[in-house]
1. Might you work out the accessible area of Val349 for me, using a 1.4 Å probe with all protein chains in place, and round it to the nearest 10 Å²?
2. Which value in nm describes the separation of the simple spin-label points at Ile95 and Leu276, placed 7 Å from the Cα toward the beta carbon?
3. Alpha carbon centre of region 378-446 versus region 131-204: separation in Å?
4. From the list (i) 41; (ii) 44; (iii) 37, can you say which value of percent of Cα pairs over 35 Å apart was derived from the structure given?
5. Asp304 to Asp195: extension gain in nm, 0.36 nm per residue of separation minus the Cα-Cα distance?
6. How much accessible surface does Cys48 have with a 1.4 Å probe, in Å² rounded to 10?
7. Roughly to the nearest percent, how much of the accessible area of the chain is carbon and sulfur, given a 1.4 Å probe?
8. Can you give me the solvent accessible area of Arg139 with a 1.4 Å probe, rounded to the nearest 10 Å²?
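The values are calculated or read from the model by the stated rules, or taken from the named source; none is laboratory data. Since we're looking at a predicted model, the values are computed, not measured. Glycine gets a Cβ as well: all are built from the backbone with ideal geometry, and neighbour counts include every protein chain shown. Keep in mind that these areas ignore ligands, DNA and RNA; they rest on the heavy atoms of the full protein, side chains included. Shrake-Rupley method; radii C 1.70, N 1.55, O 1.52, S 1.80 Å.
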Amino acid sequence: MSDQGFSFSDQKLRDIAAEILEYAKGRGASACEADVSEGYGQSVSVRCGEVETIEYNRDKGIGVTVYLGQQRGYASSSDFSRDALRATVDAALSIARFTAPDPCAGLPEEKLLAREFGDLDLFHPWNLPVEQAIDLARRCEDAAFAVSPMVRNSEGASVSTQQSHFVSANSLGFMGGFAGSRHYYSCSVIAGEGDGMQRDDWYVSKRDAADLCAPEEVGDYAARRALSRLKSRKIKTCEVPVLFEAPIAATLIGNYVHAVSGGALYRKSSFLEGSLGKQVFSKNVQISERPHLRKGMASSWFDDDGVATHDREAVQDGVVQGYFLGTYSARKLGMQTTGNAGGAHNLIVKPGKRDLAGLIKEMGRGLLVTELLGHGVNYVTGDYSRGAAGYWVDKGQVRYPVQEITIAGNLKDMFLDVVDIGDDALARGSKQVGSILIGRMTVAGD
């Protein structure tokens with residue numbers, strides 16, 4: 001086993017990828033892509049002070065895509081033996097022979113492939129003994145119970161550490177890969193009793209365990225969130241401003257990315273088809289893609305096709321500057337890939353000048369949403385309807401928690417009606433955005 005905790009070195013993964021490419025060429029493939037990966041980790045959860053789960057994971061895999069002209073075949077395996085590698089290539093070739101030609105299939109243009117790679121500081125392995133992990137989880141949960149005797153139960157506190165590395169290569173000479181890590185604390189607790197019980201949770205996630213806050217902070221905040229929801233009530237149906245708390249606001253950006261991604265566009269299943277160069281958001285919305293952020297949760301020098309990634313402005317003054325395309329979807333649309341095969345890389349929404357409290361004051365009267373339920377988004381029409389919970393705001397102050405409500409609108413109207421964006425973004429995922437204030441939505445209650 002390597003010093004980094006992996007069973008296979010980076011060089012070994014590269015050797016396997018090269019062997020796959022060579023064998024595929026010898027078997028008649030006109031082009032080939034290979035992905036080789038390995039990962040390991042540990043997750044521990046406690047509930048009410050008792051250890052509930054201890055999980056260790058270690059896995060590896062290869063994925064092989066071959067082309068016979070414009071016929072494509074794919075196969076995968078978790079066996080790294082030479083016989084298994086060759087059998088996987090043969091399986092992919094067999095599939096390709098029975099697949100109809102696709103004029104958009106094939107490798108990217110060679111000139112677009114990534115050739116230069118630097119250290120993005122993504123790998124920080126955490127050698128965490130299980131006894132210490134259990135202690136961290138208990139400290140997290142104990143802090144939640146210590147906030148108030150009204151915190152009566154727990155759905156558990158968890159500590160997880162994950163490490164992985166991979167190599168991607170293709171027959172045009174591209175080969176790249178890197179190691180990465182992700183570590184997190186989470187806590188979910190229940191406050192109150194009987195029919196008045198409420199739950200809430202919180203978590204933090206970082207590449208480097210040294211950047212995590214103390215586990216007690218996570219438990220404490222989860223408890224305070226649960227307590228603040230006690231005595232929730234329904235409200236009358238109304239049309240008011242709606243403020244999406246930062247973690248929830250990230251889902252709105254996710255809705256946008258989905259609507260302007262290649263798959264939805266070439267299938268003509270997006271309400272934002274043909275939106276390039278058009279005003280989609282209000283003028284105060286700026287969205288940047290920054291794929292080379294150090295320690296970024298979605299940082300990479302290349303996408304899943306091996307195409308080099310670049311900083312770019314996805315939305316400027318509310319106007320769409322570019323879609324999110326991989327090689328295949330770009331060809332389907334008659335466009336060029338944007339280096340987004342596999343998804344977006346660190347989307348940063350430019351913050352405004354107010355924190356959450358400032359946005360609440362700016363809103364005056366309306367709904368602060370802190371939880372969404374269900375999946376009521378129609379990407380063909382843009383219609384948006386989600387179950388929600390949160391807090392009623394009046395005269396710039398949170399007045400009481402609310403539940404069993406539905407918020408509804410259309411994403412086209414919502415995006416154009418972004419009044420302000422908070423400076424309270426959380427850096428725990430691929431999208432960094434503060435709380436988002438929408439000028440008007442329908443809130444359905446009693």
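1. Ignoring ligands and nucleic acids, Val349 comes out at about 10 Å².
2. Distance between label points: 3.0 nm.
3. The two parts, judged by their Cα centres, are 25 Å apart.
4. Identified label for the calculated read-out: (i).
5. On the way: separation 109, 0.36 × 109 = 39.24 nm, distance 4.85 nm.
So the extension gain works out to 34.4 nm.
6. Only protein atoms counted, so the area is about 70 Å².
7. Values: 9620 of 20030 Å².
Exposed carbon and sulfur together represent 48 percent of the surface.
8. Accessible surface of Arg139 is approximately 90 Å².
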